[in-house]
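No value in this document is a laboratory result; all are computed from the given coordinates. Just so it is clear, the structure is predicted and the values come from calculations on it, not from any experiment. Virtual Cβ from ideal backbone geometry, glycine too; neighbours counted across all protein chains shown.
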Amino acid sequence: MTIAPARHFIGNEFRDSLSGQTFDVISPVTEQVVTTAARGGVDDVAAAVRAAKDAFDGGEWSRAKPSFRRQVLMRAADLIDARYPEINRREALEMGHPTGNPVQGPSRSAWNLRFFAMEQELAGDHSFNRDDNLRTYTMCDPVGTFALISPWNAPFMLSTWKLGPAIAYGNSVVHKPSELSPLSIGVLGEIFVEAGMPAGAYNTVLGYGKEAGSPLVEHPDVVGVSFTGSPGTARDIAARVAPQLKRTSFELGGKSAVLVFADANLPKCVATVAAGIFTNSGQLCIAGSRILVERKVYDQFLELFVAESKKWVPGDPMDPATKLGPIVSKAQYDKVMGYIELARSEGRVVAGGGRPAGLETGYFVEPTIIVDAAPGARVCQEEIFGPVAVVIPFDTVEEGLAIANDSDYGLAGYIWTESQTTAHHVAARLQTGMIWVNCFFERDLRQPFGGVKQSGLGREGGGYSREFFTETRFVSFPLIPR
Ligand code: NAD
């Protein structure tokens, strides 16, 4: 697959960097340069924000009828569906996810747009009438230009999850995708032009965090930042925007616990728990990476889980039969391998633990299972972001909950039990933003996606996104003339 150099998308045009600089896009499979991408800097950010602000002030999108915005976004969603095979291949090329096993399936990105296209048109404002003499009503207005900053692990889907609501509610956006995944997003610029999006409402600047991301969040004409990535970057962004008091939404990392109780349906549980840590090579914010198993079924679970892990055979992401692709980059590969080395002293590696035989090139890691590590060990506490699970026994519900909650993170929690009482009791006590019982990542987009503790601040999804991406105001007027 020949790929043209990736470029910024500003004011409905693809552009090179004003400096002329580029950076290499490396395939995690071949470790070779695939193409180059425009390396954005402060001047490119300024041009994109200007285009976005002009579009917002012009009103062609920001003051358009909701039905017009719905039509454009629906057309864009249809075009995403039509071009999904290409988007899927581009994602596989830039970050290595298996084309036959993409995160959340091919249709989710299009659904992100359709969902918010309908949400913004159907959601009504409130009217509160204190008594016969006082009428009040709320209004939700678009705010201005938002900075959207996204990671590489599900690049296209996570981008549409932000820009869907941001533009649906009438804002303009400048999107900065990860420097590790600048290819798939280029298709979206073409799609929005074809769908009839007014120029400037949607813009993308490619490049590195410090060079393109920092000037973007600091730009005085940017009213808010929706960020998905690591807690360290979120802290940096929070500090940069604090003097301007901008609104921020942070979707961050996790070390999510899976609690497997003795009465769980083990065959179903084992297959789903494996998918929860090995899908996308474990490069999922909501990966169930700490698997806590009631001691009565610990040996049985471990035997089944090790056998299940062998089904996740690493291979070429372009082969539709492949379930497990490589790690995104050399730096991330070294980090994952470092944790596996650490696991040999903090515990024991009982499955995987290295580069798969026969794959001498590429950032491939075997599905790996660690046991006998103390719950406080680094491999049990830190986000590895690779196909690496740690399995820990517990004896009582209270002990399981204590281990699960002993974490700086609080993104997702998983409960496996046939007892509704246990499920509700544990759900009430788990300190996480999202809880899945007997399943993995089943979504309704109206629910608030997000985490507690170091896993995030704010929620996105349905009306929660509306609240973030709009300015809510009210008007109050007495009916009796004064
Ligand atoms: P990262 O924080 O390194 O980068 C994320 C994005 O921020 C990239 O586009 C990067 O270029 C940009 N960036 C980096 N430094 C910046 C700065 N100083 N100012 C502005 N932008 C900057 O994270 P990553 O390695 O790309 O992604 C992996 C992390 O994302 C993991 O911790 C994972 O759990 C998390 N994640 C969270 C969710 C969620 O919804 N909670 C979803 C996916 C990934």
Structure-based [θ]222 nm, the chain - -39500 (n - 2.57) summed over DSSP H runs of at least 4, per residue, nearest 500: -11000 deg cm²/dmol
Separation of alpha-carbon centers, the stretch 191-227 and the stretch 272-301, rounded to whole Å: 36 Å
DSSP bridge orientation in the stretch 256-437 - percent antiparallel, rounded to nearest 5: 10 percent
0 to 90° range, to nearest 10: angle between helix 155-168 axis and the chain longest Cα axis: 30 degrees
Rounded if a/c under 1.5, otherwise prolate or oblate - the stretch 422-464, Cα gyration tensor axes: oblate
Shape category assigned to the stretch 256-437 from the gyration tensor of Cα positions, a/c cut at 1.5: prolate
Segment Val397-Ala123, length gained on full extension (0.36 nm per residue, minus Cα span): 94.5 nm
Values of log10 I(q)/I(0), in the order q = 0.08, 0.10, 0.11, 0.13 Å⁻¹, for the chain under a Debye, Cα-only, solvent-free model: -0.50, -0.76, -0.91, -1.20
Mean-position separation - Cα centroids, the stretch 30-53 and the stretch 108-161, in angstrom: 27 Å
Sequence-separation-based contact order of the stretch 118-206, relative, with Cα cut under 8 Å and 6+ spacing, percent: 26 percent
Tilt relative to the chain, helix 330-346 - C-alpha long axis, 0 to 90 degrees, to 10: 40 degrees
Rounded to 5, the percent of DSSP beta bridges in the chain classed as antiparallel: 40 percent
Mean separation of Cα contacts under 8 Å (6+ apart) over length of the chain, as relative contact order %: 18 percent
Net charge dipole size for the chain [Lys, Arg +1 and Asp, Glu -1 on Cβ; Debye, nearest 20]: 740 debye
Between the stretch 453-468 and the stretch 334-363, the alpha-carbon center distance in angstrom: 35 Å
Mean Cβ count within 10 Å, highest first, over the residues of peptides 285-293, 391-399: 285-293, 391-399
Highest to lowest packing among 224-230, 99-105, scored as the average C-beta count within 10 Å: 224-230, 99-105
The stretch 256-437, relative contact order in percent, only Cα pairs under 8 angstrom and at least six apart counted: 29 percent
Tyr137 paired with Asp78, simple spin-label distance in nm, labels 7 Å along Cα-to-beta-carbon: 3.3 nm
Among 128-137, 195-204, 460-469, 446-455, the order from most to least packed when residues are scored by Cβ within 10 Å on average: 195-204, 460-469, 446-455, 128-137
Spin-label model distance (nm) - Arg235 vs Arg473, 7 Å beyond Cα toward Cβ: 3.8 nm
